[in-house]
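This report refers to the structure that appears directly beneath it.
The values are calculated or read from the model by the stated rules, or taken from the named source; none is laboratory data. It should be emphasised that the depicted structure is a prediction, and the values quoted were computed from it without experimental measurement. Neighbour counts are summed over all protein chains in view; Cβ atoms, including those assigned to glycine, are modelled from backbone coordinates with ideal geometry.
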Amino acid sequence: MAGIAIALIFTTVGIYYCYSMRTRNAVDNLIQQKKIINILVAGSNRFSDHRHKFFSIVSINPESGRIGVTFIPPAFKIRLDDEGDHVARIEDVVVFNFNRIRYSLQKDLKLNIPFYVEIYSAGLERIVDLMEGVSLFILDQMKNPPNIHFGVNYFDGQKVVRYINTVDENSIYLKYDRILDILMTLYENRERLERFRNPELIREVLKSAKTNILPQEALRIADIVFKDGDMMATTVPGFFKDGFYVMDDITYKIYEKEFLAALIVNRNEKEIDSSIKIKIINGTDVPGLARKMRERLIREGLNVVEFGTSPFRKMNKSVIINKHASIMAVNRVSELTGIDNRYHIADNMQLHNVMIIIGEDMAK
């Protein structure tokens, strides 16, 4: 009888667990509480004992549809115990369920991070191929790439992984820029990915990564992402101390004011305009076009920090290149200039966050 009772208990617990996993939706709970959905993402090119070079936090505001990506330097200091007596660089931490990393990041960034995703390059290739690739604009960010030309190029999963990894000096920060190119491009053209609001396709995507996000939760996240919204990104502000990248009260205040506030609070047109810093270059043989565009945008209240002649080949069509502005800021520049061709080539080392290349269409 005791054996039967134990078997019944285990069966009941098993049924309850399976039912809970099928019906749990922590994302819905966060939406009802009007809280930000935070997802820790870790990635590597290949398996290395559950250690990763790439870390970011994807934050989603369910009310506004606004998405923020926080890139984390590999040297970021992680507390391995509650007191902080034992620490390690985030790239050196062996992670299985990510609890220790999430706990430490939550203390520094003051974010609740309930979800995680762990992905390798093979999984990324598969996801990009499921999405039928992505079209990226190549200006000068790749040196002598095979089968890649100036302008818009189609990238399948394998090419996307190569695009991320072929950076000068293997810099993680340049890789973060490349990842942002892809994320911004996919987000801006998300209408073509509407089919992913589908349980079967969501399950296929989740097969490519290790995650604690359930299919029904991923589907709910997809519903938010496909709303009208915005996307922005930053790297954790901080400094190096004793071999670690750390934050203090001052750098946290910068993060809070310049990133978290923009993620949470709706900005008016004037506030969006004040965030834009524009570089204008003339991609034609017609003199004076950059100066005219500069005068026009200054009259509209925008900040033009540089203008001149393009060092690139001549352009037929004018383009807007997003260097590290939000999607909403880029759309604002598009609205004021009438230029519809918008692309993303992130470069956080530049003073300007939007670049306009004037083409022959503006000379007419």
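Numbers for the structure displayed
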| item | result |
| --- | --- |
| Considering residues of segment 221-274 that are among the basic types (Lys, Arg) and in contact (Cβ under 8 Å) with a residue 40 or more places away in the chain only, the residue surrounded by the most Cβ atoms within 10 Å (Cβ to Cβ) | ARG267 |
| Test: residue in segment 292-310 that is at pLDDT below 95, among the charged types (D, E, K, R) and loosely packed, with under 12 Cβ neighbours inside 10 Å | no |
| Answer residue from segment 326-364, given it is aliphatic (A, V, I, L, M) and modelled with pLDDT under 95 and is nearest to ILE164 (Cα to Cα) among those | MET349 |
| Qualifying residue in segment 180-188 (condition: β-branched (Val, Ile, Thr), more than 18 Å from the chain's Cα centre (by Cα) and either surrounded by 14 or more Cβ atoms within 10 Å (Cβ to Cβ) or modelled with pLDDT of 95 or more (or both)) | no |
| Some residue of segment 81-103 being within 18 Å of ILE172 (Cα to Cα), within 18 Å of the chain's Cα centre (by Cα) and either at pLDDT 90 or above or among the charged types (D, E, K, R) (or both) | no |
| Segment 222-241, residues that are closer than 17 Å to ASN189 by Cβ and of a type in the set (Lys, Arg) | LYS227 |
| Some residue of segment 288-298 being among the β-branched types (Val, Ile, Thr) and closer than 27 Å to GLY68 by Cβ | no |
| Filtered residue count, segment 163-179, keeping only those that are part of a helix (DSSP H, G or I), surrounded by 16 or more Cβ atoms within 10 Å (Cβ to Cβ) and free of Cβ contacts under 8 Å to residues at least 60 places away in the same chain | 3 |
| Top-ranked residue of segment 290-310 - restricted to ones that are part of a helix (DSSP H, G or I) and either among the polar types (S, T, N, Q) or out of contact with any Phe, Trp or Tyr (no Cβ under 9 Å at 6 or more places or on another chain) (or both), ranked as nearest to GLU335 (Cα to Cα) | LEU297 |
| Among residues of segment 41-63, those that are part of a loop (DSSP other than H, G, I, E, B), touching a residue at least 24 places away in the same chain (Cβ under 8 Å) and surrounded by fewer than 19 Cβ atoms within 10 Å (Cβ to Cβ), counted | 8 |
| Single residue of VAL161, VAL152 found to be outside the structural domain of MET232 (by TED's automatic domain parsing), within 17 Å of the chain's Cα centre (by Cα) and not charged (D, E, K, R) | VAL161 |
| Scan of segment 308-364 for residues that are under 21 Å from PHE150 (Cα atoms), over 17 Å from the mean Cα position of the chain (by Cα) and among the acidic types (Asp, Glu), ordered by number | ASP340, GLU360, ASP361 |
| Odd one out for SER104 among (1) assigned to a helix (DSSP H, G or I); (2) of a type in the set (Gly, Ala, Ser); (3) surrounded by fewer than 16 Cβ atoms within 10 Å (Cβ to Cβ) | (3) |
| Residues satisfying the stated conditions in segment 108-146, i.e. part of a strand (DSSP E or B), buried (at least 19 other Cβ atoms within 10 Å of the Cβ) and free of Cβ contacts under 8 Å to residues at least 60 places away in the same chain | VAL134 |
| Single residue of segment 20-40 satisfying the filter (assigned to a loop (DSSP other than H, G, I, E, B) and touching a residue at least 40 places away in the same chain (Cβ under 8 Å)) that is nearest to ALA218 (Cα to Cα) | ASN25 |
| Count of residues meeting criterion [under 22 Å from ALA233 (Cα atoms) and polar (S, T, N, Q)] in segment 71-110 | 2 |
| Sole exception among (1) among the hydrophobic types (A, V, I, L, M, F, W, C); (2) surrounded by fewer than 20 Cβ atoms within 10 Å (Cβ to Cβ); (3) under 21 Å from ASN212 (Cβ atoms) for ALA88, by number | (3) |
| Candidate set: segment 193-211, residues that are over 20 Å from the mean Cα position of the chain (by Cα) and of a type outside the set (A, V, I, L, M); chosen: the one modelled with the lowest pLDDT | ARG195 |
